[in-house]
Each structure stands twice: as C-alpha cells, then as structure tokens.
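Just below is one structure, and these are the notes that go with it.
The values are calculated or read from the model by the stated rules, or taken from the named source; none is laboratory data. Since the model is a prediction, treat every value here as computed from it, not as a measurement. Reconstructed Cβ throughout: ideal geometry from the backbone, glycine too, with neighbour counts over all protein chains shown.
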Amino acid sequence: MTTLYGIPNCDTVKKARAWLSQYGIDYVFHDFRKQGVPEPELDQWLAHVGWERLVNRKGTTWRQLDGATRDAVSDAASARALMLAHPSVIKRPVVAWPDGVTVGFDADAWLKRR
C-alpha cells in the first residue's frame, strides 16, 4: 500500500493526491498535523533519502525559525529533532511506495512507478 505523508492544505500535497487519484493508485493519507510524524518512518526516510532532502529550507516554517535553530541543523540527528518538533519543515509530500520512498511531487518520476 502506498502512503502519502503531508499536510492537507499544502498545494503540492493537493497536486500529489489528485495525481494518485487520477491514475487510480490506492493510497493512505497521513496528516502530519493530526497524526504527527511517525518516528520509525522518519528514521527510514532519513536512511533512504537523507536529511538534506527532507528538510525544506525554502518553506515558510524554515524561514520563521530563528537563526540559531537553523544553524543547529547540521546532521541527521539535529534534522530529525527539528522535523519532530516542526513537522511542517518536512518537504512534502513524502510518499512511501511499495518499492521505496520519494520526497516532493514529480509527475514524470511517479509515472515510472506505476
């Protein structure tokens, strides 16, 4: 089963959900705001894609953090702590496919997974 992780009002998550529905791909939606960040899955994402890919340094949440907090994110452990404390700093969507994990929405890459 495919699981899409994100925040429902995120435009990119909306596009991803529409794409999955359009192509008839069954998925479960995991809302970071309501359900939190699942720690075991976060550890898997960190292992598979790396903390640099998971932390959204272009988003509003990152920009609103104070400089000391941003500067403290320098490795997987510090990024993990930040993502657990501020789930909206995670680049969205994170999709757990049956054969791996992707971060962000890329329709062309997703077509290859169908």
*asked:* Residues that are within 17 Å of residue 109 (Cβ to Cβ) and assigned to a helix (DSSP H, G or I): does region 77-88 have at least one?
replied: no
*Report, by residue number, each residue of region 91-109 that is under 20 Å from residue 41 (Cα atoms) and hydrophobic (A, V, I, L, M, F, W, C).*
94, 95, 96, 97, 101, 103, 105
*Which ones in region 60-81 are in contact with a Ser or Thr (Cβ under 7 Å, 6 or more places away or on another chain) and either closer than 16 Å to residue 33 by Cβ or at pLDDT below 95 (or both)?*
61
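Please count how many residues of region 82-104 are of a type in the set (Val, Ile, Thr) and more than 19 Å from residue 39 (Cβ to Cβ).
Of the residues in that region, 1 qualify.
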*Single unsatisfied condition, residue 74 versus (1) in a helix (DSSP H, G or I); (2) among the hydroxyl-bearing types (Ser, Thr, Tyr); (3) more than 15 Å from residue 13 (Cβ to Cβ)*: (1)
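Among the residues of region 1-39, what is the count of those that are of a type in the set (Ser, Thr, Tyr) and either within 18 Å of residue 108 (Cα to Cα) or in a helix (DSSP H, G or I) (or both)? Full working, then the answer.
Taking region 1-39 first, the residues of a type in the set (Ser, Thr, Tyr) are 2-3, 5, 12, 21, 23, 27.
Applying the additional criterion that residues be either within 18 Å of residue 108 (Cα to Cα) or in a helix (DSSP H, G or I) (or both) yields 2, 12, 21, 23.
Matching residues across region 1-39 total 4.
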*asked:* Name the residue that is farthest from residue 94 (Cα to Cα), counting only residues in region 15-74 that are surrounded by 11 or more Cβ atoms within 10 Å (Cβ to Cβ), out of contact with any Pro (no Cβ under 9 Å at 6 or more places or on another chain) and β-branched (Val, Ile, Thr).
replied: 69
_Residue count, region 40-58 (criterion: out of contact with any strand residue (DSSP E or B) (no Cβ under 9 Å at 6 or more places or on another chain) and assigned to a loop (DSSP other than H, G, I, E, B))_ = 3
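Would you confirm, using the coordinates I've provided, whether residue 96 is buried (at least 17 other Cβ atoms within 10 Å of the Cβ), part of a helix (DSSP H, G or I) and modelled with pLDDT of 95 or more?
On the way: buried (at least 17 other Cβ atoms within 10 Å of the Cβ): yes; part of a helix (DSSP H, G or I): no; modelled with pLDDT of 95 or more: yes.
Against the criterion (buried (at least 17 other Cβ atoms within 10 Å of the Cβ), part of a helix (DSSP H, G or I) and modelled with pLDDT of 95 or more), residue 96 does not qualify.
Results for (1) within 20 Å of residue 7 (Cβ to Cβ); (2) without any contact (Cβ under 8 Å) to a residue 60 or more places away in the chain; (3) over 14 Å from the mean Cα position of the chain (by Cα), shown as yes or no for each residue.
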| site | (1), (2), (3) |
| --- | --- |
| 30 | yes, yes, no |
| 36 | yes, yes, no |
| 41 | yes, yes, no |
| 47 | no, yes, no |
| 75 | no, yes, yes |
| 97 | yes, no, no |
| 112 | no, yes, yes |
